[in-house]
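Written out below as C-alpha cells is the structure these notes cover.
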Amino acid sequence: MATYNRISARRGQDVTLDATFFFGGQRADPFAIYRIEIFRGSVAAQNIVDAIDIAAPDSSSYPLPLVRQPDPPEPGALCPTPPDCESQAGDGGTDTSDGRFRYVWSVPTDAVVPDVYFDVWYFFATDPGGSSLADEEDELLNQCNRFWVYPDNWYVDGGLQTIRFGFEPLDIKFRKPERRPIETGIMPLPLYDYDYNLVAPIIPFLSPTISIWTAAGEVVVSNAECDMKLRQGAFRSNPWVISYMLDTCNFFMGTFRYRIQVALPDGTTRVSGDFYFTVS
C-alpha cells in the first residue's frame with residue numbers, strides 16, 4: 001500500500017500525519033498526547049470522521065499508535081568550510097527524538113473526496129494530576145493541522161492535453177550556518193487558466209530532484225530527492241513548491257547554480273531553467 005503525505009492523500013491509502021511539539025522555542029515532549037480527532041471540511045462535531053486514542057503515558061506502549069521520528073542532523077556550532085563539516089557537525093538520526101511524532105492514518109475507502117481534512121491533536125502539557133486523565137479533559141490543549149484527500153490511485157491521461165509547468169526560485173541568499181529548505185515554486189501553465197482537475201491528481205505522483213553545481217560547473221549535488229510542499233500564503237493558482245533541505249555547512253562560500261527536474265507519471269520529465277543562490 002502506498003503512503004502519502006499531507007499535500008495529497010488518497011482514498012483507501014495511508015497518509016502520514018507528522019506533528020512536532022515545541023516548548024519555549026525548543027523541541028520537547030508534552031506530558032501526554034491524549035487523542036487525535038479527524039474532521040472533514042471543518043472542525044465541527046458533525047464533521048468528525050475518526051477519533052484515535054493514544055496509549056496512557058504510564059504504559060509501556062506509549063505513544064502507540066504514534067511513532068517517534070528521528071532527529072534531523074544538526075550543523076556544528078562553528079560550521080567550518082568543507083571538508084571539515086562532517087567531523088564537527090552535530091549528531092542526528094537517533095530514535096530518541098523529543099517532540100517529533102507521526103501518525104499513519106488509513107483513509108477510509110468511503111471517504112468523501114476531494115476535500116480538505118483536519119487532524120486535531122489533543123495533549124496535556126503537564127501532568128494534570130488526578131487518578132485518571134479522562135477526568136481532566138478540561139486541561140487539554142490542542143493543535144489543528146490540515147491535509148488533502150483525493151479520490152484514489154487512478155490517473156487517466158487522455159492524451160489530449162500536455163501538462164505544462166513553470167518554475168519560480170523562492171530562495172536566493174543563504175548564510176552559514178543555516179540549515180533550511182531551498183524552495184522552488186512549481187506552477188501549472190497557463191497560470192490562471194489551467195485545468196485544476198487535470199493537474200491536481202498527479203501532484204502526489206511527482207518525483208522532483210535537484211542538481212547543484214558551483215559557478216565553475218563542478219557537481220555538488222546530483223539528482224537529490226526533493227519534497228512536494230505547500231507555499232506559505234494565499235497562492236491559490238500556484239500553491240505548490242519543491243523543497244530541498246540545504247545544509248550550508250556542506251558548501252563553500254560563493255555562488256551556486258541549480259536545476260530542478262520533475263518526473264511525471266507518463267514517463268516524461270520537466271526541467272527548470274538555471275537558477276542561482278549564494279552562500280555567505
(request) Go through N145, N153 for me and flag whichever is surrounded by fewer than 16 Cβ atoms within 10 Å (Cβ to Cβ), under 30 Å from D29 (Cβ atoms) and among the polar types (S, T, N, Q). (result) N145
(request) Starting from region 35-49, take each residue that is outside any loop (DSSP other than H, G, I, E, B) and list its partners that are of a type in the set (K, R), counting only C-beta distances under 9 angstrom and pairs at least six apart or across chains. (result) N47/R40; I48/R40; V49/R40
(request) Say whether the condition of being part of a strand (DSSP E or B), touching a helix residue (DSSP H, G or I) at 6+ places or on another chain (Cβ under 9 Å) and more than 26 Å from E136 (Cα to Cα) is met by at least one residue in region 15-32. (result) no
(request) Return the total of residues in region 107-126 being surrounded by fewer than 12 Cβ atoms within 10 Å (Cβ to Cβ) and over 19 Å from I48 (Cβ atoms). (result) 1
(message) Take G129 and tell me if it is surrounded by fewer than 17 Cβ atoms within 10 Å (Cβ to Cβ), over 22 Å from the mean Cα position of the chain (by Cα), closer than 30 Å to P30 by Cβ and small (G, A, S).
(response) yes
(request) Report the residue count in region 175-223 for those that are surrounded by 14 or more Cβ atoms within 10 Å (Cβ to Cβ), small (G, A, S) and at pLDDT 90 or above. (result) 2
(request) Confirm whether Q161 is under 30 Å from Y122 (Cα atoms) and out of contact with any Pro (no Cβ under 6 Å at 6 or more places or on another chain). (result) no
(message) Given the criterion within 17 Å of T126 (Cβ to Cβ), surrounded by 14 or more Cβ atoms within 10 Å (Cβ to Cβ) and of a type in the set (D, E), identify the matching residue among D58, D29, D14.
(response) D29
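The values are calculated or read from the model by the stated rules, or taken from the named source; none is laboratory data. No experiment lies behind these values; they were computed from the predicted model shown. All Cβ positions, even for glycine, are placed from backbone atoms using ideal geometry, and neighbour counts span all protein chains on display.
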